[in-house]
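Working notes for the structure below.
The values are calculated or read from the model by the stated rules, or taken from the named source; none is laboratory data. None of the values given here were measured: they were computed from a predicted structure. Glycine gets a Cβ as well: all are built from the backbone with ideal geometry, and neighbour counts include every protein chain shown. Each accessible area value is taken on the protein alone, full model and side chains, heavy atoms only, with ligands, DNA and RNA left out. Shrake-Rupley method; radii C 1.70, N 1.55, O 1.52, S 1.80 Å.
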Amino acid sequence: QVQLVESGGGLVQPGGSLRLSCAASGIIITTYTMNWYRQAPGKQREWVGIITSGAYTNYAVSVKGRFTISRDNAKNTVYLQMSSLKPEDTAVYSCNVIKSGVNYWGQGTQVTVSS
């Protein structure tokens, strides 16, 4: 059974930083591609970034240069380091993995960027 548990969200001022975590069980993260997504109120889910099994990363244009995805293999956890946050980054952030053709999602963690 695959489980993804996100944490680390909260309220942060514009220009601030947060680090989100996605703790995985039921998979070994080094053997799967993991994605981060976000969904703002009233908007469609938006892809944020990816880390492949080979640790290749890529990001949406809207976050490139501000967000960084990494992983801790020993903790089986993927991270999303967010800096220079903007009000438009406000959303529920979720991690995702596809295993055997099935999409797995965490419950999400709320990030609110506001002064």
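Rounded if a/c is under 1.5, else prolate if a/b is larger than b/c, else oblate: which is the stretch 71-115, with a ≥ b ≥ c the root eigenvalues of its Cα gyration tensor? Let's see the in-between values first.
Values: a/c = 3.25, a/b = 1.70, b/c = 1.91.
Judged from the Cα gyration tensor, the stretch 71-115 comes out oblate (a/c at least 1.5, b/c at or above a/b).
Rounded to the nearest whole Å², what accessible area per residue is found for the chain with the 1.4 Å probe?
52
Which of rounded, prolate, oblate describes the stretch 1-67, given a ≥ b ≥ c as roots of the alpha-carbon gyration tensor eigenvalues and a/c under 1.5 marking rounded, otherwise prolate only if a/b is larger than b/c?
Note, shape of the stretch 1-67 comes out prolate.
Each residue of the stretch 22-34 in turn: what ³J(HN,Hα) in whole Hz from Karplus with 6.51, -1.76, 1.60 and θ = phi - 60°, glycine and Pro shown as x?
Going residue by residue, I get 10, 8, 10, 9, x, 9, 9, 4, 6, 10, 10, 8, 10 Hz, with x marking Gly and Pro.
Need the C-alpha centroid separation for the stretch 1-51 versus the stretch 78-99, integer Å.
5
Short version: ³J(HN,Hα) in whole Hz for each residue of the stretch 74-91, in order, from phi by Karplus 6.51 cos²θ - 1.76 cosθ + 1.60 (θ = phi - 60°), x for Gly and Pro, what are they?
Here the 3J(HN,Hα) series is 5, 8, 6, 10, 10, 10, 10, 8, 10, 9, 6, 5, 10, x, 6, 7, 4, 4 Hz.
What spacing in nm lies between the two simple spin-label points modelled at ASN58 and SER7, each 7 Å away from Cα in the Cβ direction?
Label-label distance for ASN58 and SER7, simple model: 3.2 nm.
Write out the chymotrypsin sites (Phe, Trp or Tyr not before Pro) in the stretch 51-115 meeting two conditions: DSSP loop, and at most 12 other Cβ atoms within 10 Å of their Cβ.
Those that pass, being in a loop and sparsely packed, are TYR56.
If the reach is capped at under 20 angstrom between alpha carbons, list the aspartates and glutamates near LYS86, excluding any in the same chain fewer than eight residues apart.
Candidates past the 8-residue exclusion: GLU46.
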